[in-house]
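The values are calculated or read from the model by the stated rules, or taken from the named source; none is laboratory data. Please read these numbers as outputs of a predicted model, since none were measured by experiment. Note: ideal-geometry Cβ built from the backbone for every residue, glycine included; neighbour counts use all protein chains shown. Accessible surface is based on the protein model in full, side chains and every heavy atom, while ligands, DNA and RNA are left aside. Shrake-Rupley method; radii C 1.70, N 1.55, O 1.52, S 1.80 Å.
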Amino acid sequence: MFNPITIQQLKDDVGVDVLAQLMQVFLTESTKLVEQLTANSIQQNEIERLAHSLKSCARSYGADQLADIAADIEAAAKSSPEFANIESKISLLGEVHKKTLTSLPKLN
């Protein structure tokens, strides 16, 4: 679920110890964003903003599948007046986020 090239680049750039701390930040931030996106009372313009933030966060850490779904949600929120299209993507996002978290890379 994580791009090994991105993870290796992060290891090279910041070292394993700092990367372990950064992965904890990713875990916390991505979980918070997914929880906000799956909230029932969220407005469409807020979906676009949250999806954009999640896309950037996930891409930075190599969680490419999660980033791709967030990008789809962001694009749908920009262009689709029908919330049903976005709802199904958000449901998929929750599933992929869970799988992503269970596949956090071993850093040693």
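Does the stretch 83-97 hold any residues that are touching a helix residue (DSSP H, G or I) at 6+ places or on another chain (Cβ under 9 Å), farther than 20 Å from residue 6 by Cβ and either without any contact (Cβ under 8 Å) to a residue 60 or more places away in the chain or hydrophobic (A, V, I, L, M, F, W, C) (or both), and which are they?
Listed by number, the residues that qualify are 83, 85, 86, 89, 90, 92.
I'd like the full set of residues that are open to solvent by less than 70 Å² (accessible area, probe 1.4 Å) and acidic (Asp, Glu), limited to the stretch 81-91.
Correct list: empty.
Report, by residue number, each residue of the stretch 1-28 that is small (Gly, Ala, Ser) and either in a helix (DSSP H, G or I) or under 18 Å from residue 56 (Cβ atoms) (or both).
Within the stretch 1-28, just 20 meets the criteria.
Within the stretch 29-80, track down each residue that is open to solvent by 80 Å² or more (accessible area, probe 1.4 Å), in a helix (DSSP H, G or I) and hydroxyl-bearing (Ser, Thr, Tyr).
Across the stretch 29-80, the qualifying residue is only 79.
What is the one condition in (1) under 13 Å from the mean Cα position of the chain (by Cα); (2) at pLDDT below 95 that residue 40 does not satisfy?
(1)
Of the residues that sit in the stretch 92-108 and are of a type in the set (S, T, N, Q) and at pLDDT 90 or above, which one is surrounded by the fewest Cβ atoms within 10 Å (Cβ to Cβ)?
Looking at the filtered set, the residue picked out is 102.
Tell me the residue from 70, 58 that is in contact (Cβ under 8 Å) with a residue 12 or more places away in the chain, hydrophobic (A, V, I, L, M, F, W, C) and touching a Lys or Arg at 6+ places or on another chain (Cβ under 6 Å), please.
Of the residues listed, the single one that is in contact (Cβ under 8 Å) with a residue 12 or more places away in the chain, hydrophobic (A, V, I, L, M, F, W, C) and touching a Lys or Arg at 6+ places or on another chain (Cβ under 6 Å) is 70.
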